Amino acid sequence: MNPILNQIGTVFIPVNDIEKARDWYCEILGLPADGEILFGHLYIVPMNGTRIVLDSKIYAKNHTFKTPAFHFDTHNIEEAYAFMQSKHVNITTTIEHDQWFNFQDPDGNLLMVCKC
C-alpha cells in the first residue's frame, strides 16, 4: 500500500489581509465569518471535501494565482455568474462553453467556478 494518498487535503491561497479575506470568502460561499484565525495568519474555510486555507504569511503581491489552481462547483453556471456580479466580484471571463468562468479574489488570485 502506498503511504501517499491519491487525494488533495488542502489548497493554500495567499492573501494580504487575513480578516478581510476570511470575510470575503465566507460571504461568497454563504458561510458565517466567525471562525478563528490561527497563529495570526491562517484561516481554514469550512468546506465540503478539499479544504481551503487562507494564509497571509505566504502572501506576496507578485505571487498570487495567475491561473486557477482549482475550481468551485456549481449546479447552475448562469445563477453563479449573476450572483458573483451582484457581489461586485471582478469576473475576468464570460461563461465559457456553458461550463465555467474565472474571477479574482480581492488579492488578485485567479479562481474559477465550473458547472458540475
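All of the numbers you see were taken from the coordinates with simple rules; none came from a lab. Not measured: the values here are computed from a predicted model. All Cβ positions, even for glycine, are placed from backbone atoms using ideal geometry, and neighbour counts span all protein chains on display.
Find the all-direction average of the projected area of the Cα convex hull for region 67-116, expressing the result in square nanometres with one decimal place. Write out the running numbers ahead of the final one.
On the way: hull surface 12.6 nm².
Computed as one quarter of the Cα hull surface, the answer is 3.2 nm².
Over the chain, with a Gaussian network built from C-alpha contacts below 10 Å, which listed residue (75, 97, 41) shows the highest mean-square fluctuation?
So, out of 75, 97, 41, the one fluctuating most is 97.
Report the relative contact order of the chain, percent, no decimals, based on alpha-carbon pairs under 8 angstrom and at least 6 residues apart.
25 percent
Give the whole-number value, in cubic angstrom per residue, of the convex hull volume spanned by the C-alpha atoms of the chain. Don't skip to the end; give the middle numbers.
Working: hull volume 15.5 nm³, N = 116.
Spelled out: Cα convex hull of the chain, divided by residues, is 134 Å³.
Return the sequence-ordered ³J(HN,Hα) values of region 53-61 in whole Hz as given by the Karplus equation 6.51 cos²θ - 1.76 cosθ + 1.60 applied to θ = phi - 60°, using x for Gly and Pro.
Rounded to whole hertz, the list is 10, 7, 9, 7, 6, 9, 5, 9, 3.
Please give, to one decimal in nm, the separation of the simple spin-label points placed at residue 87 and residue 50, each 7 Å out from Cα toward the Cβ.
It is 1.8 nm.
Rounded to the nearest angstrom and ordered from largest down, what semi-axes does the equivalent ellipsoid of region 9-59 get from its C-alpha gyration tensor (root of 5λ)?
Details: eigenvalues 46, 33, 17 Å².
Result for region 9-59: semi-axes of 15, 13, 9 Å.
Where is the GNM fluctuation largest for the chain (alpha-carbon springs, 10 angstrom cutoff): 42, 54, 29?
29
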